[in-house]
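Shown next, in structure tokens, is the structure this report addresses.
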Amino acid sequence: MRWLRFVGLVITLAAGYFAQSIFDHNLSQLFPTWLLDAYPPLYQFTRWLPADLFELALWIVTLAAIVFGLLIPPWRTPVYPRANFPLLTTGLTRSIKEQVGFLCILLALASAFVNLAYLWRTGSDSRQVQLAWAGALLIYLVSNLPAKINIALQAPWLRSEPYLADNPNRPIRRWLTLGLICGITVVLWAWPVRGMAVAVDEPLAQIGLRAAKIAQGLETRLFEGEQNGVPPLALVPAAIAMRLSGDPLLGMRVTGLFNSLILICATWLLGRELFRRPLLLGDYGEIIEDDGQWLALMAAALVAANMAVLTFSRLPIYVEPLGWGVLSGWALLRGQRTGDRLAYALSGVLSGLVLLLYPSGLVFPLTILLWWMGTWLLQRTQPQTRHPEPAPSRAGWLDFFVWLGGIFVVIAPLIGLWLRMPALFWGRFQSLQLHQLGTILGWLPPNSTLSYPEQWLGSVLAPLFLLAIGALLFNADQLPGLLLLLWLGIGGLVGSSMVNPPHNMASLLPIIPAVALALAFTLDRIRITLLATVGTWLVQATTYVAVGIVLWAGFTSWVATYQNLQMNNTAPNTTGYAVRTLGVGESAVLWLGQQSAEVNWDTPVLKFLTLNLPSTRDHLTLTPEQWLPQLPPRSQVLIQPEDYAASIGEIMAHYPGGRLTTQRDLRGNPLIYHYALP
């Protein structure tokens, strides 16, 4: 029976990757020529229509996911219950402190109502509103602190779990592994840190210019009605980085790197809570299933290796809500495990904060709202524990309202703007477009209306994610299966119905951490199935194979992202990069020809990329009708490929003695021409 299970697992994995090969290619490219010549009947499969091929692949992967869910061992429920976390002491002291905390909460809520009314009436904030908002936020968190520090130190979440006492993997090794993942991420994502953030489109350039105004002190408002859904508050981190670096583009890159590192660490923290399980040892003391730390580290590595995160980490506005949204889910699960009311308040505050950062942040409050209902259902069906400690505490209505109050305190100004201008909220939605979700995950053929990256998972991880759906469905009665299914469902529906910038699918980014956690869950289930069928002698081999899959996926994602960034260049981006490479004392001169509407000093993209550069101080331009009598020494005339043939002769005639160089892409196509004067 064990070998039948092993054979079924192998067939299921092979079917998943076979279906993915159909998604990536058609059958005419799948079979080599020598095989077709050896077996002529195979030629009939090469004549299938693309629609029939994709339908066949969907049927194959659906059956494979169902069989995979039936083959893998079910998730083991943790033995140790959620402990009761005492917030306040007993007696008269408890009554006084409860009253003080309750009054502080009322004060924070009253301040939030005042902010809501002020923004509803005026449509803009002031320094007093900002201070009131920050004060209400601080008061609300402080009012949910534990009453006594000595009681807090006895909280179960500050103690090591009993079943981890004999775990040979020390916590320091886990932190070192997480640090290694973050270190590799910094090296890959930050290189070259001063290079061009390719695919800076006009909406992102406008956002960067707004952040630059905040850095220069020209903009002081934090809450303002913007049609692009990005309040000034979301631009404050980028503005701070711009102010410290003096370079807007570098500030945006550093901010994106910081947000991406937060996302990796937040995914690891959430994985620790989501995959918490008792330790399972083999007959000789080998670890069959750890306490869930391995899955958390794998999920963090998968996030770092994801092609979408690699790409959008250079564009921080889109990634900014992800890390804080994942942390809100971690705080909720920690609060439900420990009874810590501060964790509930922190979860609510972070759930509200993501709404202020980017429209895609709406996915996280809706997801966590479903998590409340999901965990409530699971706790009601949880069997009685045999552990001698008290029965687990269940999250009640008070805890739910603490979470809800945290959201309201944070987004009260935004609610005021929505009430004043409802289009700010409803304008971010469009008709549901689920084909976009299938395209970026590699299920459907690429759509010409979509830009990079066409597939976020690649051919290595996409089949495993398709199998993960089946694994989660057959573990929907357990915490990881139910919560990840809810996250993927609400993230896909809401993200597919949001209006996106023309060059990306940023609204679907919130499902990336859920995809990484689901992939880690799948790799763990495959590993446990192999150990149960083949033998525990594969403990280390299966771990190395899983790590190798993640490393290979990260390598292919990085190469594909690098090539994509180098190939998908627009004229404003290429010109901006060329200006940024000029040395000290050199001046940039734009030749305004056929693309003068896209490439000029007033274009938002070029203006953002060249902001604060000394070489663009004079904004020199040349046109076929207007020539400058003399150019400054060491000037470089930048010519677009479309204008090269018609203009280079005249430019050399007017300004002789220069040197012509060509900048090309990876395929040798010219990107821009430099005519450098001595």
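Structure notes:
- Hey, L398 farther than 20 Å from I368 by Cβ, modelled with pLDDT of 80 or more and open to solvent by 40 Å² or more (accessible area, probe 1.4 Å) or not: no
- So W157, is it open to solvent by 40 Å² or more (accessible area, probe 1.4 Å), in contact with an Asp or Glu (Cβ under 9 Å, 6 or more places away or on another chain) and either at pLDDT 85 or above or part of a helix (DSSP H, G or I) (or both): yes
- T338 meets all of the listed conditions (1) out of contact with any Lys or Arg (no Cβ under 8 Å at 6 or more places or on another chain); (2) surrounded by fewer than 24 Cβ atoms within 10 Å (Cβ to Cβ); (3) over 14 Å from I262 (Cβ atoms) but one, namely (1).
- Hits in the stretch 128-147 - residues which are without any contact (Cβ under 8 Å) to a residue 40 or more places away in the chain and either open to solvent by less than 30 Å² (accessible area, probe 1.4 Å) or farther than 11 Å from V114 by Cβ (or both): L131, A134, G135, L138, I139, V142
- Subset of the stretch 92-141 (residues that are at pLDDT below 85 and β-branched (V, I, T)): T93, I96, V100, I105, T122, V129
- Of all residues in the stretch 205-217, those that are surrounded by fewer than 17 Cβ atoms within 10 Å (Cβ to Cβ) have Cβ atoms under 6 Å from Cβ atoms of residues that are in a loop (DSSP other than H, G, I, E, B), 6 or more apart or on another chain, in K213/E219.
- Filter pass, L322 being closer than 30 Å to Q206 by Cβ, at pLDDT 85 or above and open to solvent by less than 10 Å² (accessible area, probe 1.4 Å): yes
- Options L327, L280, L322; residue that is in contact (Cβ under 8 Å) with a residue 24 or more places away in the chain and touching an Asp or Glu at 6+ places or on another chain (Cβ under 6 Å): L280
- Helices (runs of 4 or more DSSP H) (entirely within the stretch 482-587) containing at least 3 residues that are open to solvent by 40 Å² or more (accessible area, probe 1.4 Å) and under 25 Å from L274 (Cβ atoms): 539-567
- Of the numbered criteria (1) open to solvent by 20 Å² or more (accessible area, probe 1.4 Å); (2) at pLDDT 90 or above; (3) not hydroxyl-bearing (S, T, Y), the one P392 fails is (2).
- Qualifying residue in the stretch 60-80 (condition: open to solvent by 30 Å² or more (accessible area, probe 1.4 Å), of a type in the set (S, T, N, Q) and modelled with pLDDT of 80 or more): yes
- Residues in the stretch 626-654 that are over 21 Å from Q594 (Cα atoms) and in contact (Cβ under 8 Å) with a residue 12 or more places away in the chain were compared, and the one that is nearest to the chain's Cα centre (by Cα) is S635.
- Residues that are under 18 Å from I511 (Cβ atoms) and either of a type in the set (A, V, I, L, M) or surrounded by fewer than 24 Cβ atoms within 10 Å (Cβ to Cβ) (or both), drawn from the stretch 297-310: M298, A299, A300, A301, L302, V303, A304, A305, M307, A308, V309, L310
- Number of residues in the stretch 98-127 that are open to solvent by 60 Å² or more (accessible area, probe 1.4 Å) and not hydroxyl-bearing (S, T, Y): the value is 12.
- The condition (being over 16 Å from the mean Cα position of the chain (by Cα) and at pLDDT below 90) is satisfied by just one residue among L479, L483, L523, L508: L479.
- Where N84 falls short, out of the listed (1) open to solvent by 70 Å² or more (accessible area, probe 1.4 Å); (2) in a loop (DSSP other than H, G, I, E, B); (3) at pLDDT 85 or above: (3)
The values are calculated or read from the model by the stated rules, or taken from the named source; none is laboratory data. Here the structure is a predicted model, which is why all the values come from computation and not from measurement. Ideal geometry is used to build each Cβ from the backbone, glycine not excepted, and the neighbour counts take in all protein chains shown. Surface accessibility is based on the protein's heavy atoms, side chains included, excluding ligands, DNA and RNA. Shrake-Rupley method; radii C 1.70, N 1.55, O 1.52, S 1.80 Å.
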